[in-house]
Amino acid sequence: MDLEPNWEYVADTVMGGVSRGSAEAAIIDGKRAMRLCGQVSLANNGGFVQMAFDVRDDGGAFDASAFSGLVLDVRGNGERYDLRLRTDQLTRPWQSFRAEFTAPEDWVQVKVPFAGLEAHRTDAVFDPARLRRIGVLAIGRAFEADIAVSGIGLYR
């Protein structure tokens with residue numbers, strides 16, 4: 001099932017960091033994509049740039065329990081990136097369920113099974129019936145981010 005994300009850009013500047021970047025629609029190698037670019041800085045307790053979207057337009061939970069995970073069509077600069085999922089179980093902005101992946105210089109399909117997600121700063125167990133938000137992040141180390149996502153969906 002294909003998702004139709006309304007991506008938004010968020011950076012560590014919301015908490016005093018100094019990372020800079022953007023998320024913009026682009027055509028890359030003939031594919032329509034959303035491209036996240038920027039400079040991740042660890043200064044001022046920062047360290048991320050992100051593009052994210054609410055699965056439902058109203059920000060409510062989406063029942064993804066009939067699916068096994070997420071699939072993304074990605075292309076990047078060979079760096080590691082994070083996929084972060086949030087559910088309506090989580091109450092703090094630093095809580096998430098996450099997986100790391102590499103975005104090579106050629107288009108690839110990355111599958112992230114729900115069973116492989118790691119809980120971060122929460123005791124909650126990921127419940128796909130409560131999926132609310134999905135984000136792609138360049139995070140945790142100083143580097144130049146450049147990743148494009150041409151499609152994102154759920155797989156069985």
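The values are calculated or read from the model by the stated rules, or taken from the named source; none is laboratory data. Quick caveat: nothing in here was measured; it's all calculated off a predicted structure. In this analysis, Cβ positions are derived from the backbone assuming ideal geometry, glycine residues included, and neighbour counts consider all displayed protein chains. To get the accessible areas, we keep the full protein, side chains included, count just its heavy atoms, and leave off ligands, DNA and RNA. Shrake-Rupley method; radii C 1.70, N 1.55, O 1.52, S 1.80 Å.
Okay, here's what the table says:
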item: Criterion violated by PHE62 - all others in (1) among the aromatic types (Phe, Trp, Tyr); (2) open to solvent by less than 40 Å² (accessible area, probe 1.4 Å); (3) over 22 Å from ALA33 (Cβ atoms) satisfied; result: (2)
item: Cross-chain or 6+ apart pairs with Cβ under 7 Å, region 128-143 first and without any contact (Cβ under 8 Å) to a residue 40 or more places away in the chain, then assigned to a strand (DSSP E or B); result: none
item: Residue list for region 36-73, restricted to those being at pLDDT 95 or above and farther than 18 Å from PRO128 by Cα; result: LEU36, CYS37, GLY38, GLN39, VAL40, SER41, LEU42, PHE48, VAL49, GLN50, MET51, ASP73
item: Scope region 11-53; condition of a type in the set (Gly, Ala, Ser) and either in contact with a Lys or Arg (Cβ under 9 Å, 6 or more places away or on another chain) or within 20 Å of VAL108 (Cβ to Cβ) (or both); matching residues; result: ALA11, SER22, ALA23, ALA25, ALA26, GLY30, ALA33, GLY38, SER41, GLY47, ALA52
item: Residues satisfying the stated conditions in region 114-128, i.e. buried (at least 16 other Cβ atoms within 10 Å of the Cβ) and acidic (Asp, Glu); result: ASP127
item: Odd one out for GLU4, checked against (1) of a type in the set (Asp, Glu); (2) without any contact (Cβ under 8 Å) to a residue 12 or more places away in the chain; (3) part of a strand (DSSP E or B); result: (3)
item: Residue count for region 8-46, restricted to those that are open to solvent by less than 30 Å² (accessible area, probe 1.4 Å) and of a type in the set (Val, Ile, Thr); result: 2
